[in-house]
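A.B. asks: This is the structure I have questions about; it appears just below.
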Amino acid sequence: MKTTLMILAATIATMAAFSAGPVLAADTEHAMDMQQQQTGINMFGGAIYTGEPALAVTGALVKAGGGADNFSFASALVAMLGEETVNAEVAKLTKQYGEDEVNTFLGGMDAAIGFGLKRAAEAGVIMPEPAELSGAELAKTLVQAGTTPDGTFWSGYLFDKALSNQLHNQVMIDINSHASYEEDKITHKILNQAMYDVAQALGMKQVKLAKLH
């Protein structure tokens, strides 16, 4: 009975941390870590990844998008897939989600990379030389990096691999603080769909679409 009450209290404390108003970033991060440890699931769905991050691949993505100081996810997509393909995908996503949400997604990706590199530097992470990846090969590598063991592409899994689960959590706190939880969710949601679409276009038919899309 005592153990049950302790578990219930811990669960209530975790739920309260997510439902409360503004809290300290450290408290929020701790609550997120607790939830993930208990469920093994990222905030917006999909398995968590706690292994070593693929920093060289992250470096290749940043390079494709114009570098750390001028990163643009839209530019990275064009570098990987070509302007015609990207324009067609943006049109498809705009029809599916609306222009406002697509703009939120693209801006959210730029912010995620910016905050991620900032947090990595603060943590003393030394970025290696970018991997020798470009074009469709880089796109395929990103799809593979974000594909969970059950074959589904999840944004959170990709972010875990790109930075680390801990830094991913910190970046989500940054985005939620500077924008909103809803904009963070939109970014994860549309990236799930966009990378699934990329996978299909590249012949990676075995990749499954996430529930959040």
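The values are calculated or read from the model by the stated rules, or taken from the named source; none is laboratory data. None of these values were measured; they are calculated from a predicted model. FYI the Cβ positions are ideal-geometry reconstructions off the backbone, even for glycines, and counts take in every protein chain you see. Accessible surface areas use protein heavy atoms only, side chains included; no ligands, DNA or RNA. Shrake-Rupley method; radii C 1.70, N 1.55, O 1.52, S 1.80 Å.
A.B. asks: From the set of residues in segment 116-157 that are farther than 23 Å from H188 by Cα and of a type in the set (D, E, K, R), which is least open to solvent (accessible area, probe 1.4 Å)?
C.D. replies: Within segment 116-157, the match that is least open to solvent (accessible area, probe 1.4 Å) is E122.
A.B. asks: For segment 58-71, state whether one or more residues are out of contact with any strand residue (DSSP E or B) (no Cβ under 8 Å at 6 or more places or on another chain), small (G, A, S), closer than 21 Å to Y157 by Cβ and exposed (fewer than 15 other Cβ atoms within 10 Å of the Cβ).
C.D. replies: Scanning segment 58-71 turns up no residue that is out of contact with any strand residue (DSSP E or B) (no Cβ under 8 Å at 6 or more places or on another chain), small (G, A, S), closer than 21 Å to Y157 by Cβ and exposed (fewer than 15 other Cβ atoms within 10 Å of the Cβ).
A.B. asks: Between L191, L167, L202, which is over 10 Å from the mean Cα position of the chain (by Cα), crowded, with 20+ Cβ neighbours inside 10 Å and under 22 Å from K63 (Cβ atoms)?
C.D. replies: L167
A.B. asks: Quick test for you: out of L55, L81, pick the one residue that is closer than 16 Å to L191 by Cα and modelled with pLDDT of 90 or more.
C.D. replies: The conditions single out L81.
A.B. asks: If V23 satisfies every condition in (1) in a loop (DSSP other than H, G, I, E, B); (2) touching a helix residue (DSSP H, G or I) at 6+ places or on another chain (Cβ under 8 Å); (3) at pLDDT 50 or above; (4) farther than 23 Å from H213 by Cα but one, which is the exception?
C.D. replies: Only one criterion is unmet by V23, namely (3).
A.B. asks: So, one more: Restricting to segment 36-57, what's the tally of residues that are under 25 Å from K211 (Cα atoms) and loosely packed, with under 15 Cβ neighbours inside 10 Å?
C.D. replies: Total satisfying the criteria: 7.
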